[in-house]
1. Please find, among W39, W44, the residue that is outside any helix (DSSP H, G or I) and either at pLDDT 95 or above or crowded, with 18+ Cβ neighbours inside 10 Å (or both).
2. Based on what the data block shows, is D33 in a helix (DSSP H, G or I), free of Cβ contacts under 8 Å to residues at least 60 places away in the same chain and loosely packed, with under 14 Cβ neighbours inside 10 Å?
3. Answer yes or no: is there a residue in region 129-146 that is closer than 21 Å to T38 by Cα, of a type outside the set (S, T, Y) and either in a helix (DSSP H, G or I) or open to solvent by 10 Å² or more (accessible area, probe 1.4 Å) (or both).
4. Out of (1) within 30 Å of W168 (Cα to Cα); (2) among the charged types (D, E, K, R); (3) assigned to a helix (DSSP H, G or I), what's the single condition that is false for E18?
5. Of D112, D27, which residue is in a loop (DSSP other than H, G, I, E, B), open to solvent by 20 Å² or more (accessible area, probe 1.4 Å) and under 26 Å from L131 (Cα atoms)?
6. Across region 152-167, what is the number of residues that are in a helix (DSSP H, G or I) and closer than 21 Å to G213 by Cβ?
7. Identify, from the list A198, A189, the residue that is over 14 Å from the mean Cα position of the chain (by Cα), in a loop (DSSP other than H, G, I, E, B) and buried (at least 16 other Cβ atoms within 10 Å of the Cβ).
Amino acid sequence: MTAHPDEHNCSCHWGSAEDLARLKVPDVELDPDLLRRTWEASDWDDPASVLRRILPQLASALVSGQVEPLFGMEEVGRSLARGNWQQWPAEQAAAVRAFLHAWWAHSLITPDAAVPAHEVLALCAEASATLAPWLDIWETSTDPVADQHLAKAVAQWEYDLLGDLLPWDTRYDEEDLRITLTAWLVRHAPARLRASGAPEQLLHRVRLLSLTGPARWEDPHWPSHRY
């Protein structure tokens, strides 16, 4: 696949004519900086064609941990969403979906995954505009490693969630995603955290998520977070 023949971008901010020409030739490996600039750019005329051009190399770089966004992996998810991959021909869309599902499932059972599970979840949610199917996979993953990743995720997320904030930037309905994530944690996290030997204070953080208003911040286990 290649970028559209008429595709262009700003030579001052994005890259040179030589860089752009490489996107219009199939199966030519891009250097890491060019790959980064290409998926980060949000002003392509035909983002779907650009995404199809870079996706095989980008997918490999993602799995190996070579992609390091400035703020979070949700940035890569937004790049996928800009390409409207779910509207591609059925075989192409299925390939992207299969990659995301395989990477997510593998991340959950890999102790030292190159990208933390909570970061992969944010990417998948932003790429697909939904959290539910990814949480369903986590729910059915009974490997103890998946529970360990859950403990790490809760430790990473609890500050934002206790302040009624989604732990990553989103282009979608933040409140809806936060409520979905919080409800899932309240329902499924406690038993799994205990099974993984998580600290007691982490269990209290999840319990606090089930409370609202003064009942939450007046609880004796409120961590005195400041927002």
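The values are calculated or read from the model by the stated rules, or taken from the named source; none is laboratory data. Bear in mind that the values here come from a model prediction, so they are computed numbers and not experimental data. For neighbour counting, all protein chains shown are included, and Cβ atoms are generated from backbone atoms with ideal geometry for every residue, glycine included. Accessible surface is based on the protein model in full, side chains and every heavy atom, while ligands, DNA and RNA are left aside. Shrake-Rupley method; radii C 1.70, N 1.55, O 1.52, S 1.80 Å.
1. Values: W39 fails: outside any helix (DSSP H, G or I).
Only one candidate passes the filter, namely W44.
2. Numbers: in a helix (DSSP H, G or I): yes; free of Cβ contacts under 8 Å to residues at least 60 places away in the same chain: yes; loosely packed, with under 14 Cβ neighbours inside 10 Å: yes.
So D33 passes the test.
3. Going residue by residue through region 129-146, those that are closer than 21 Å to T38 by Cα are none.
No, region 129-146 contains no residue that is closer than 21 Å to T38 by Cα, of a type outside the set (S, T, Y) and either in a helix (DSSP H, G or I) or open to solvent by 10 Å² or more (accessible area, probe 1.4 Å) (or both).
4. (1)
5. On the way: D27 fails: under 26 Å from L131 (Cα atoms).
That would be D112, the only listed residue that is in a loop (DSSP other than H, G, I, E, B), open to solvent by 20 Å² or more (accessible area, probe 1.4 Å) and under 26 Å from L131 (Cα atoms).
6. Our first condition is that a residue be in a helix (DSSP H, G or I); within region 152-167, this holds for 152-162.
Filter once more, keeping what is closer than 21 Å to G213 by Cβ: 157-162.
Summing the residues that are in a helix (DSSP H, G or I) and closer than 21 Å to G213 by Cβ in region 152-167 gives 6.
7. Values: A189 fails: in a loop (DSSP other than H, G, I, E, B).
Being over 14 Å from the mean Cα position of the chain (by Cα), in a loop (DSSP other than H, G, I, E, B) and buried (at least 16 other Cβ atoms within 10 Å of the Cβ) holds for just one of A198, A189, which is A198.
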